[in-house]
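The values are calculated or read from the model by the stated rules, or taken from the named source; none is laboratory data. These numbers come from a predicted model, not from an experiment. We place every Cβ from the backbone using ideal geometry, glycine too, and count neighbours over all the protein chains shown.
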Amino acid sequence: MMGNINHRSKPKRGRKSPRGLGVWEQKFSKKLKRHHKQFAKKVFHRLMKKSSTLRTTLKRRSKEYEVEFKISLTEVRELLYKSYGRKCRYCDTKLIVSNMACDHIHPLSLGGNSTLPNLQMICMRCNTRKGPLTDKLFGRLLRWLSRQSTELEKYVLRKLSSRDF
Ligand SMILES: [Zn+2]
């Protein structure tokens, strides 16, 4: 039987089926219409693509850092759904497809794993600023900065965003 292609073999896991996507489209529809009006459908497909890319990236980075990777595509999509349109945990930015980033609450570099309880969607800017800091330390830094002069706060935040220090 070698060389015989089995056409009836199961589809690869993670391969999207139109039927499966339909369920997600229905789920996301209300939120996406509220935030994107007539572009909802386009955004939905971007989000589905983002969910796959995100999972692949998480898998690769987890391997690099030798930490546990255990998150299904369904869980990634649930995470995106839950955060969509909400405010970023660290600032007032409304999370949408173009600005949301996946953050390890306890950083990868400190052994934080890629499982659902350790992942959160925040805005890209805060994700860059947070860098290798834990959620707790980054929160403390932001609170400390808010008590400094506006000038100093702005300066430090800009520095953290650019990572040129
Ligand atoms: Zn933010």
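Numbers for the structure displayed
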quantity	calculated
Tally of residues being part of a loop (DSSP other than H, G, I, E, B) and hydroxyl-bearing (S, T, Y) across region 62-71	1
Residues of region 72-119 satisfying the condition of being more than 26 Å from K42 (Cβ to Cβ), more than 16 Å from the ligand (Cβ to nearest atom) and either part of a helix (DSSP H, G or I) or touching a residue at least 40 places away in the same chain (Cβ under 8 Å) (or both)	L108, S109, L110, G111, G112, N113, S114, T115, L116, P117, N118
Where a residue in region 120-137 is in contact (Cβ under 8 Å) with a residue 12 or more places away in the chain and its partner, wherever it lies, is of a type in the set (G, A, S) and away from the ligand (no atom under 13 Å from the Cβ), with Cβ under 6 Å and at least six apart	P132/S109
Residue satisfying condition, being aromatic (F, W, Y), farther than 30 Å from G20 by Cα and either buried (at least 18 other Cβ atoms within 10 Å of the Cβ) or in contact with a helix residue (DSSP H, G or I) (Cβ under 6 Å, 6 or more places away or on another chain) (or both), within set Y90, Y84	Y90
Filter result for S29 (in contact with a Phe, Trp or Tyr (Cβ under 8 Å, 6 or more places away or on another chain), of a type in the set (S, T, Y), away from the ligand (no atom under 16 Å from the Cβ) and within 28 Å of L145 (Cβ to Cβ))	no
Given (1) within 19 Å of C126 (Cα to Cα); (2) in contact with a strand residue (DSSP E or B) (Cβ under 7 Å, 6 or more places away or on another chain); (3) in a helix (DSSP H, G or I), number of the condition K59 does not satisfy	(1)
Unique match (being at negative phi and modelled with pLDDT under 95) among F165, F138	F165
Matching entry among S62, S146 (being exposed (fewer than 14 other Cβ atoms within 10 Å of the Cβ), among the small types (G, A, S) and modelled with pLDDT of 95 or more)	S146
